[in-house]
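Everything on this sheet refers to the single structure shown next.
The values are calculated or read from the model by the stated rules, or taken from the named source; none is laboratory data. Worth saying up front: this structure is predicted, and the values here are computed from it rather than measured. Here the Cβ positions follow ideal geometry from the backbone for every residue, glycine too, while neighbour counts run over all protein chains shown.
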């Protein structure tokens, strides 16, 4: 058959091909239909070639050239992994099916693609790279899923090293993350990490979801995703960086909580601070960080505030972390206390910020339940620093800040400091000291009750003669001890009473000192308002 070049084909505006329209139309249903509608007969020979433009041709000029060679070779083509995908998509686009020609390209490519599982690792990588350029066609045709399944099979069956028949382009490359490989359930080296780093986020998304469905080790997947994002942020365009970040965050949210590093999540937050991340995706990142807040360090939380916020640190973001921490899975007492200790350090760090509003300071303290702290001493120290820096606050604002203190969890030493601290409003100082007075009184009464002999008392004891009143408890204990029959069998009781005597005396001395200090404060702070009645601290 004579070959003429009577057809000019423009492929995607990139390349032009001059071909024999009879040869191509004999295999392509699309061209047959086009020429049947055309006013120019197929058999006619024009002085100028007929021109057609193919828009969105899958695979571009490379795929069209392969298709043309198939047609010119009378429907014969050596199918290999590097060309079969392109040929299949081109054949589908050009409608090269059995109704047009018995030796059709669609049937031949489908037959060849049934052997995807037998391709080696390097061949799978080449085919996957082609799928990356044509994801819609690769997905709709099912080829992408076949290649992914083939690669997953090779990852699991070649767990200790890269497949021996890889090409030089994908030679054995070990992941720099050796620690992740040590934690693998099946292998010593995660050899496939860097081979997959070259693919875009859409391919990675489909690959990792398939791995999750196939029960891959979540710890390995987590480390792969952190490494992948790091490589993308270092080499991609801003748009690609954003897509990679959102993809990785969404994928990490599918993994088990224990497999995702809190440090890695904070790294993502810092590295992507300048990217306009989708709100839902950012919320996922914040929620993941919050749920792992007990693993965080103070440095992790010291995130700079967004431009225009005014303050040095992003306190609002930390409050969101705390909300996620408390609103997620059931929090254990140990985790709660760990976060409480962390927040005490954070509050002390941000307290000197002159732009930190009183409401935000109070919100940071109140964000955790009271059970998160054994003591409020550290909160008081941070509060004192805050008042020192924010000297211009009104008395009402100072009272609102001081209201965050739980006086029941303040030590006697701190209460003494509060009583002498001129930065603390008078009402707040009185509240702290009165609270400690109540604690001292309760302690005295409790101790007296515990050590008062009952029916097991020695015969020489007359309980009704030794009723111990609240006042002068120390002297009563001395009298009580003198009246006892201190025989050998009561030596332990004697020791306990002597210890109680000493303890009560020390407590009384401390209480009297606090009362004296409070008297001085009241004279200086409320003297101008007329006579004020002091609370009875140790009566």
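General observations
A quick yes/no check of all residues on (1) at pLDDT 90 or above; (2) within 30 Å of residue 196 (Cβ to Cβ):
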| residue | (1), (2) |
| --- | --- |
| 58 | yes, yes |
| 64 | yes, yes |
| 72 | yes, no |
| 84 | yes, yes |
| 89 | yes, yes |
| 98 | no, no |
| 112 | yes, yes |
| 116 | yes, yes |
| 122 | yes, yes |
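- The condition of being more than 23 Å from residue 402 (Cα to Cα), touching a strand residue (DSSP E or B) at 6+ places or on another chain (Cβ under 8 Å) and surrounded by fewer than 18 Cβ atoms within 10 Å (Cβ to Cβ) holds for only one of 312, 298, 302, 326, that being 302.
- Candidate set: region 384-416, residues that are in a loop (DSSP other than H, G, I, E, B) and in contact (Cβ under 8 Å) with a residue 40 or more places away in the chain; chosen: the one surrounded by the fewest Cβ atoms within 10 Å (Cβ to Cβ): 403
- Residue that is surrounded by the most Cβ atoms within 10 Å (Cβ to Cβ), among those in region 103-117 that are under 17 Å from residue 145 (Cβ atoms) and free of Cβ contacts under 8 Å to residues at least 24 places away in the same chain: 110
- Qualifying residue in region 355-363 (condition: in contact with a strand residue (DSSP E or B) (Cβ under 9 Å, 6 or more places away or on another chain) and in contact (Cβ under 8 Å) with a residue 40 or more places away in the chain): yes
- For the condition modelled with pLDDT of 95 or more and not in a loop (DSSP other than H, G, I, E, B), residue 203 qualifies.
- When 372, 351, 367, 362 are checked against the criterion of being more than 20 Å from residue 313 (Cβ to Cβ) and at pLDDT 90 or above, a single residue qualifies: 372.
- Among the candidates 429, 419, residue that is in contact with a helix residue (DSSP H, G or I) (Cβ under 9 Å, 6 or more places away or on another chain), closer than 24 Å to residue 364 by Cα and either touching a residue at least 24 places away in the same chain (Cβ under 8 Å) or not in a helix (DSSP H, G or I) (or both): 429
- All positions within region 8-24 that are in contact with a strand residue (DSSP E or B) (Cβ under 8 Å, 6 or more places away or on another chain) and over 17 Å from residue 57 (Cα atoms): 20, 21
- Of all the residues in region 259-305, those that are assigned to a helix (DSSP H, G or I) and over 13 Å from the mean Cα position of the chain (by Cα) number 5.
- Counting the residues of region 231-245 that are in a helix (DSSP H, G or I) and free of Cβ contacts under 8 Å to residues at least 40 places away in the same chain gives 10.
- Number of positions in region 1-40 that are loosely packed, with under 12 Cβ neighbours inside 10 Å and at pLDDT 85 or above: 2
- Test result for residue 248, in contact (Cβ under 8 Å) with a residue 12 or more places away in the chain, in a helix (DSSP H, G or I) and surrounded by fewer than 19 Cβ atoms within 10 Å (Cβ to Cβ): no
- Screening residue 100 against (1) free of Cβ contacts under 8 Å to residues at least 40 places away in the same chain; (2) in a loop (DSSP other than H, G, I, E, B); (3) crowded, with 19+ Cβ neighbours inside 10 Å leaves a single unmet condition, (1).
- Taking the criterion of being farther than 30 Å from residue 239 by Cβ and without any contact (Cβ under 8 Å) to a residue 40 or more places away in the chain, the residues of region 273-313 that qualify are 295, 299.
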